[in-house]
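Visitor: Got a structure for you, written out below as structure tokens; questions coming shortly.
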Amino acid sequence: MRSSATSSGVRPSSGGDTGRQPKYQRIAARLREAIEAGEYGPGERLPGENDLMAEHGVARMTARQALGVLQAEGIVEARKGAGVFVRDFKPIRRRGLERLAHAQWGEGRSIWSADAGDRELLVDSVEVGEEDAPAAIAGVLGLGEGGRVCVRRRRYVLDGKPVLLATSFLAADLASGMPIARPDTGPGGVYARLEELGRKPVHFREEVRSRMPSGDEAERLALPTGVPVMLIARTAFDTAGVAVEVNSMVLDSAAYVLEFDFEA
């Protein structure tokens, strides 16, 4: 529902001094406030460039830049020939500690189910094979020169939207011929199978950074122009402190909230 604030439904900003901001940033801030206030709900169309030009007395490039700011933040998406719309997708709350607990995968549940809850999650693409280990991966897994790895590449889709690309690397001499090397690893996934092999993961380390996506990543994740990705590199260690898996993940940054809940 829109409130009747202005002809385009965008209310003047009630924030602090924005006089020093460029005009396009001030317009973007007002649109953002309108979205947060519920004046434009998920899936609704925002005022177009012509509307913003008329209301704010700005050039087309300024109006376009304002909408571009919101697209870069992942708040809205442009639909060719139709306009710019509020993204209709509820962010995934990725609970970093809960999802990796033994109580999750040790009881046969996928760690991804902790993220999805009762929403529809599926893996629509799985590629499994054996390759020469990249130098960085070989170093982490303690493989010598010419070491081989079992590689598992997956794409995860939630509520019909691609949200994550994940690539797991495990030593080939550990995974070859085992259920880990199959497209469907069974209840509890890779970590449950590692436990069965006597290499139970007991410690995890994750590193997080962000960048703009490659062309292939943007296409596979169906990302709007300007939306960055988050990169999470996770290493799983067994009881002897030896790395047993490296998982490289590419996430749609606008689709995720990273949550870490722990005691002081």
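Visitor: Scan region 212-222 for residues that are surrounded by 12 or more Cβ atoms within 10 Å (Cβ to Cβ) and at negative phi and jot them down.
Guide: Across region 212-222, the qualifying residues are Met212, Pro213, Glu217, Ala218, Arg220, Leu221.
Visitor: Does region 68-81 contain at least one residue that is at pLDDT below 95, more than 24 Å from Gly160 (Cα to Cα) and not assigned by TED's automatic domain parsing to the domain that holds Thr185? Let's see the steps before the verdict.
Guide: Pass one, region 68-81, residues at pLDDT below 95: 68-81.
If we keep only those that are more than 24 Å from Gly160 (Cα to Cα) too, we end up with 68-69.
Next, only the ones that are not assigned by TED's automatic domain parsing to the domain that holds Thr185 stay: 68-69.
The answer is yes, given that some residue of region 68-81 is at pLDDT below 95, more than 24 Å from Gly160 (Cα to Cα) and not assigned by TED's automatic domain parsing to the domain that holds Thr185.
Visitor: Quick one: which of Val163, Val151 is at pLDDT below 95 and in a strand (DSSP E or B)?
Guide: Step by step, each of Val163, Val151 is checked, and only Val163 is at pLDDT below 95 and in a strand (DSSP E or B).
Visitor: Report yes if some residue within region 9-28 is among the charged types (D, E, K, R), at pLDDT 85 or above and under 29 Å from the mean Cα position of the chain (by Cα); otherwise report no.
Guide: Yes; the residues of region 9-28 include at least one that is among the charged types (D, E, K, R), at pLDDT 85 or above and under 29 Å from the mean Cα position of the chain (by Cα).
Visitor: Got a sec? Which of Arg99, Arg79, Arg60, Arg64 is free of Cβ contacts under 8 Å to residues at least 60 places away in the same chain and either of a type in the set (A, V, I, L, M, F, W, C) or closer than 15 Å to Arg30 by Cα (or both)? Give the derivation first.
Guide: Working: Arg99 fails: either of a type in the set (A, V, I, L, M, F, W, C) or closer than 15 Å to Arg30 by Cα (or both); Arg79 fails: either of a type in the set (A, V, I, L, M, F, W, C) or closer than 15 Å to Arg30 by Cα (or both); Arg60 fails: either of a type in the set (A, V, I, L, M, F, W, C) or closer than 15 Å to Arg30 by Cα (or both).
Going through Arg99, Arg79, Arg60, Arg64 in turn, the sole match is Arg64.
Visitor: Another question, if that's okay. Which residues, counting only those in region 199-220, are farther than 20 Å from Ala101 by Cβ and either over 18 Å from the mean Cα position of the chain (by Cα) or in contact (Cβ under 8 Å) with a residue 60 or more places away in the chain (or both)?
Guide: Within region 199-220, just Arg220 meets the criteria.
Visitor: I would also like to ask the following. Looking for something within 19 Å of Pro91 (Cβ to Cβ) and surrounded by 15 or more Cβ atoms within 10 Å (Cβ to Cβ) - is there at least one such residue anywhere in region 241-249?
Guide: yes
Visitor: Also: Within region 160-171, can you find the residues that are surrounded by fewer than 16 Cβ atoms within 10 Å (Cβ to Cβ) and touching a helix residue (DSSP H, G or I) at 6+ places or on another chain (Cβ under 9 Å)?
Guide: Passing the criteria: only Lys161.
Visitor: OK, next. Among (1) over 30 Å from Arg205 (Cβ atoms); (2) exposed (fewer than 15 other Cβ atoms within 10 Å of the Cβ); (3) touching a residue at least 12 places away in the same chain (Cβ under 8 Å), where does Pro91 come up short?
Guide: So Pro91 meets the others, but not (1).
Visitor: Can you name every residue in region 247-264 that is in contact (Cβ under 8 Å) with a residue 12 or more places away in the chain and more than 24 Å from Glu77 (Cβ to Cβ)?
Guide: Once the filter is applied, which keeps residues that are in contact (Cβ under 8 Å) with a residue 12 or more places away in the chain and more than 24 Å from Glu77 (Cβ to Cβ), region 247-264 yields Asn247, Ser248, Glu259, Phe260, Asp261, Phe262.
Visitor: Would you mention how many residues in region 112-148 are of a type outside the set (Gly, Ala, Ser), surrounded by 17 or more Cβ atoms within 10 Å (Cβ to Cβ), in contact with a Lys or Arg (Cβ under 7 Å, 6 or more places away or on another chain) and not in a helix (DSSP H, G or I)?
Guide: Counting residues in region 112-148 that are of a type outside the set (Gly, Ala, Ser), surrounded by 17 or more Cβ atoms within 10 Å (Cβ to Cβ), in contact with a Lys or Arg (Cβ under 7 Å, 6 or more places away or on another chain) and not in a helix (DSSP H, G or I) gives 1.
The values are calculated or read from the model by the stated rules, or taken from the named source; none is laboratory data. Remember, it's a predicted structure, so these values are computed and weren't measured experimentally. Using ideal geometry, Cβ is built from the backbone for each residue, glycine included, and neighbour counts are taken over all protein chains shown.
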